[in-house]
Each structure stands twice: as structure tokens, then as C-alpha cells.
Amino acid sequence: MEKISVKVCTGTTCFVMGGANLQELHDLIPRKYGDKVEVSGSPCLGLCSINWEYSKAPYVKVNEAVVNEATVEKVLAEIDKQIGNN
Ligand code: FES
């Protein structure tokens, strides 16, 4: 099975819109999934500027899936969904 790649946006928009709370994913994910899931920070993913007014930051990408208005729970749910599909 391919590793799942999680990219937590650390760009300014995402960070101020709640991305700061997502930093705990860097501890949680390795504890919960070991080396099945790789988590990294990413500079602006380019998603916040698509529609600034209705921006749904913070954004996290789980492989190709975009999680908007991301919370720790939403990101873990997306990882579980993708692991279940493999
Ligand atoms: S700052 Fe996160 S997508 Fe732009």
C-alpha cells in the first residue's frame, strides 16, 4: 500500500484561519498511523486565493483530497476513509 501523504498548509491565510491548531497533527499522525501516513507542512497550497471572500481555510491535503475548514477530526476522518479504501 502506498503511503498516504498529508500536507498541512502553513501559509499565512491558513495559519491565521485556524491552521495553528493543526500543528498537533504532526504528533498525532505518527502515533496513530506509524509509517503508513506521512505528514508534512507545506507553503501556501494555492487554494486560499481561488475565492478569497469565501475562503474555506485552513486547508489540508490528504493525497489528492482537499480538506477545507480543516480540523484535526476532519483530517483524521479523511485519512481513515482513504485507508479503508485501500
Ligand atoms: S495559505 Fe493555505 S492555501 Fe494558501
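Being part of a strand (DSSP E or B), over 16 Å from residue 73 (Cβ atoms) and at pLDDT 95 or above: is that true of residue 41 here?
yes
Tell me which residues, restricted to the stretch 1-19, are within 16 Å of the ligand (Cβ to nearest atom), open to solvent by 60 Å² or more (accessible area, probe 1.4 Å) and assigned to a loop (DSSP other than H, G, I, E, B).
10, 17 - these are the residues of the stretch 1-19 that are within 16 Å of the ligand (Cβ to nearest atom), open to solvent by 60 Å² or more (accessible area, probe 1.4 Å) and assigned to a loop (DSSP other than H, G, I, E, B).
If you take the residues in the stretch 20-55 that are within 26 Å of residue 84 (Cα to Cα) and within 12 Å of the ligand (Cβ to nearest atom), which one is surrounded by the most Cβ atoms within 10 Å (Cβ to Cβ)?
Only one residue fits best here, namely 22.
Residue pairs, Cβ under 8 Å, 6 or more apart or interchain, first in the stretch 58-86 and over 16 Å from residue 10 (Cβ atoms) and away from the ligand (no atom under 16 Å from the Cβ), second in a strand (DSSP E or B) and among the aromatic types (Phe, Trp, Tyr). List them.
none
The values are calculated or read from the model by the stated rules, or taken from the named source; none is laboratory data. All figures in this text were calculated on a predicted structure; none of them were measured in a lab. Cβ sites come from the backbone with ideal geometry, for glycine too, and all protein chains shown count toward neighbours. Just the protein is used for accessible areas: all its heavy atoms, side chains included, with ligands, DNA and RNA removed. Shrake-Rupley method; radii C 1.70, N 1.55, O 1.52, S 1.80 Å.
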